[in-house]
Amino acid sequence: MRTTRTSCAMHYLGAGTLDTRLADTLDDALKENIYLGVGECVKDLDGGYGGSWIARYVRTVPCTEPHLYQVYANFDVPYQDGDPSIIPDQEYIDKVSRNGCDDRFWDAIDEVPGVEYEIAYLPPSSQAWNSDRETTCLVGLPGGTRLKKSIVSG
């Protein structure tokens, strides 16, 4: 019987000498975007273009702290033409992600009359399509105005 052995390693890139356990240096607020849940508040997003963001890691904060966005929906982008063997291009993924976030918006937030909102989304990439088809929808206020509380229903 053959046994397979896997070894994992981590490398510290910080300044100076590490004088604590490496595990103690991990930041629980820094999440890969595929692990964001509805209701979580996101401090910032970097790398956006046209409402779609290519941020892979984001920093979450309690919704009582200033933040730019809050997650209001997650959904899987449907297969193009219903065919799981087709790997869609990024244009298709972005269009379906944008429309899906728009469709879910008003049912997901506690709307305040007279307030404008900004929608952003984190779509999957066509390169990672076979392992990740999920889009994350976020809501914020225009012009980088920070939220100071939750605005997502429920």
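The values are calculated or read from the model by the stated rules, or taken from the named source; none is laboratory data. Treat the numbers as computed from the prediction; the structure is a model and nothing was measured. Here the Cβ positions follow ideal geometry from the backbone for every residue, glycine too, while neighbour counts run over all protein chains shown.
Looking only at segment 126-137, filter to residues that are without any contact (Cβ under 8 Å) to a residue 60 or more places away in the chain and either polar (S, T, N, Q) or over 16 Å from Ile34 (Cβ atoms) (or both); which one of those is surrounded by the most Cβ atoms within 10 Å (Cβ to Cβ)?
Ser126
In contact with a Lys or Arg (Cβ under 7 Å, 6 or more places away or on another chain), farther than 15 Å from Pro124 by Cα and at pLDDT below 95: which single residue out of Leu30, Leu45 fits that description? Walk me through how you get there before you give the answer.
Details: Leu45 fails: in contact with a Lys or Arg (Cβ under 7 Å, 6 or more places away or on another chain).
Testing whether each residue is in contact with a Lys or Arg (Cβ under 7 Å, 6 or more places away or on another chain), farther than 15 Å from Pro124 by Cα and at pLDDT below 95 leaves just Leu30.
Residues are listed down the side, and each one gets a yes or a no for (1) among the acidic types (Asp, Glu); (2) under 19 Å from Cys41 (Cβ atoms); (3) touching a Pro at 6+ places or on another chain (Cβ under 8 Å):
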{"site": "His67", "(1), (2), (3)": "no, yes, no"}
{"site": "Ser126", "(1), (2), (3)": "no, no, yes"}
{"site": "Thr136", "(1), (2), (3)": "no, yes, no"}
{"site": "Gly140", "(1), (2), (3)": "no, yes, no"}
{"site": "Lys148", "(1), (2), (3)": "no, yes, yes"}
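If the requirement is being surrounded by fewer than 18 Cβ atoms within 10 Å (Cβ to Cβ) and either in contact with a Leu (Cβ under 6 Å, 6 or more places away or on another chain) or at positive phi (or both), which of these qualifies: Asp110, Asp81? Break it down stepwise before answering.
Working: Asp110 fails: either in contact with a Leu (Cβ under 6 Å, 6 or more places away or on another chain) or at positive phi (or both).
So the residue among Asp110, Asp81 that is surrounded by fewer than 18 Cβ atoms within 10 Å (Cβ to Cβ) and either in contact with a Leu (Cβ under 6 Å, 6 or more places away or on another chain) or at positive phi (or both) is Asp81.
Looking at Glu116, Glu91, Glu65, can you tell me which residue is surrounded by fewer than 16 Cβ atoms within 10 Å (Cβ to Cβ) and in contact with a strand residue (DSSP E or B) (Cβ under 8 Å, 6 or more places away or on another chain)?
Result: Glu65 is the single residue among Glu116, Glu91, Glu65 that is surrounded by fewer than 16 Cβ atoms within 10 Å (Cβ to Cβ) and in contact with a strand residue (DSSP E or B) (Cβ under 8 Å, 6 or more places away or on another chain).
What about Ser97, is it in a helix (DSSP H, G or I) and within 24 Å of Glu32 (Cβ to Cβ)? Break it down into steps so the answer makes sense when it comes.
Numbers: in a helix (DSSP H, G or I): yes; within 24 Å of Glu32 (Cβ to Cβ): yes.
In short, yes.
Scan segment 116-131 for residues that are modelled with pLDDT of 90 or more and farther than 15 Å from Tyr92 by Cβ and jot them down.
Answer for segment 116-131, where residues must be modelled with pLDDT of 90 or more and farther than 15 Å from Tyr92 by Cβ: Glu116, Tyr117, Glu118, Ile119, Ala120, Leu122.
So which residues in segment 61-86 are outside any loop (DSSP other than H, G, I, E, B) and either touching a Cys at 6+ places or on another chain (Cβ under 9 Å) or touching a residue at least 12 places away in the same chain (Cβ under 8 Å) (or both), if there are any at all? If you could, list the steps in order and put the result at the bottom.
Restricting attention to segment 61-86, the residues satisfying the condition of being outside any loop (DSSP other than H, G, I, E, B) are 61, 67, 69-76, 80-82.
Selection gives Val61, His67, Tyr69, Gln70, Val71, Tyr72, Ala73, Asn74, Phe75, Asp76, Gln80.
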